[in-house]
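What follows is a single structure, written as structure tokens, with notes after it.
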Amino acid sequence: QVQLVESGGGLVQPGGSLRLSCAASGSILRMGWFRQTQGKDRELVATVTRGGVANIADSVKGRFTISRDNAKNTVYLQMNSLKPEDTAVYYCWAWVTTNNWGQGTQVTVSS
């Protein structure tokens, strides 16, 4: 069982920035972030392999950046130019032999 500890999130005004962090309990091949709003399915935001190959959702491309520090088993999501529609619970994700999820962190974009 992989343990994922998230940090970051909170309330920010439109156009602002936030950074999410997620530390894993071991070395993970693929890590990333998904998000979910009430009544909707969880959707992919961005993933990154241990080698640094990233996959970014079109809805956030150009605004969000994913990176990881393999020495710390940590993945980061830098979110810039935030919009109200980015408001959601963001979940850290890690793939070992199954999907593993963090507890979720709320991001609210509002004036």
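Under a 1.4 Å probe, what is the accessible area of segment 24-95 per residue, stated in Å²? Could the numbers behind the result be given before it?
Values: 3630 Å² over 72 residues.
Value for segment 24-95: 50 Å² per residue.
Surface composition of segment 1-50: carbon plus sulfur atoms contribute 45% of the solvent-accessible area (1.4 Å probe, protein chains only, all chains present). Per residue, the average separation of C-alpha pairs within less than 8 Å and at least 6 apart gives the chain a relative contact order of 37 percent. Between Val12, Val45, Val53, the residue with the greatest mean-square fluctuation in the GNM of the chain (Cα pairs under 10 Å linked by springs) is Val53.
The values are calculated or read from the model by the stated rules, or taken from the named source; none is laboratory data. Computed from a predicted model, the values in this text were never measured in an experiment. Just the protein is used for accessible areas: all its heavy atoms, side chains included, with ligands, DNA and RNA removed. Shrake-Rupley method; radii C 1.70, N 1.55, O 1.52, S 1.80 Å.
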